[in-house]
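**Student:** Structure below; questions to follow.
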Amino acid sequence: MIRLPIASIVCASTTTLLLFASAVNAQTTQPAQAAPAAESVRLHAADQTFINDGTQAVATQRDAARIATSRSTDRDVKAFAEKVAADNLTIANALRAASPRGVDVPHNNPDTATLDSIKNLRGGDFDKAYIEQIALSGEQKTLSAFQAEIASGRDAQLKEAAQKALPTIQAQYAAAQELAKRKHLATQ
């Protein structure tokens, strides 16, 4: 029987374990790095446009509605804004959940120029700008983005998310038109 010092046995065992761990790590990290790039390449242009435009439209509506709840003095405008903020949070979460794995979905990407155009206004001036620029025009952009995905998108989950959200967006747009009529503003 060959007797080896304990230190030699421990050293050999440690070296073997380190080599094994390195090999396993190399095998598991390489495919994971390649997978997201391959999946994002497969996303159709219409679907990518929807992810960008749809999430931006929803985020802009949501953030503008939050501004409206604090800046508006009109209870109808505030009620509309509170509903839009809640609905659009739900829509944004559904879009993120429906997006294919490995696709970067913006979490909070509102149109800052649109938000900047209303955030320093107060009272009646704010209400008018919010209704015309955000509630009417913004809802129309949101509606167009979702309708375009339904018509030409190729990702089944994104199309389904757009179809599920469409009635809510249509209801928001109809409510915006009604709000504009009540406030004697031009509807689109």
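Computed from the coordinates by the stated procedures, all read-outs in this text should not be read as laboratory data. Worth saying up front: this structure is predicted, and the values here are computed from it rather than measured. Here the Cβ positions follow ideal geometry from the backbone for every residue, glycine too, while neighbour counts run over all protein chains shown.
**Student:** Rounded, prolate or oblate: which one fits region 101-188, using the alpha carbon gyration tensor with axes a ≥ b ≥ c (rounded when a/c is under 1.5, else prolate when a/b beats b/c, else oblate)? Don't skip to the end; give the middle numbers.
**Tutor:** Working: a/c = 3.40, a/b = 1.65, b/c = 2.06.
Oblate.
**Student:** What FRET efficiency do you get for LYS164 and SER70 if R0 is 25 Å and r is their Cβ-Cβ distance, rounded to the nearest 0.05?
**Tutor:** Efficiency computed from Cβ-Cβ geometry: 0.25.
**Student:** Same structure again: For ILE118, ILE91, what's the fewest-to-most ordering of other Cβ within 10 Å of each Cβ?
**Tutor:** Taking fewest neighbouring Cβ atoms as first place, the list is ILE118, ILE91.
**Student:** On a full-extension model of 0.36 nm per residue, what is the gain between GLN133 and ALA45, subtracting their alpha-carbon distance, rounded to one decimal in nm?
**Tutor:** This chain segment gains 28.9 nm when fully extended.
**Student:** Moving to a separate point now. Using the Cα centre of region 108-188 as the reference point, and only Cβ charges (+1 on K/R, -1 on D/E), how large is the resulting charge dipole? Debye, rounded to the nearest 20.
**Tutor:** I would put it at about 180 debye.
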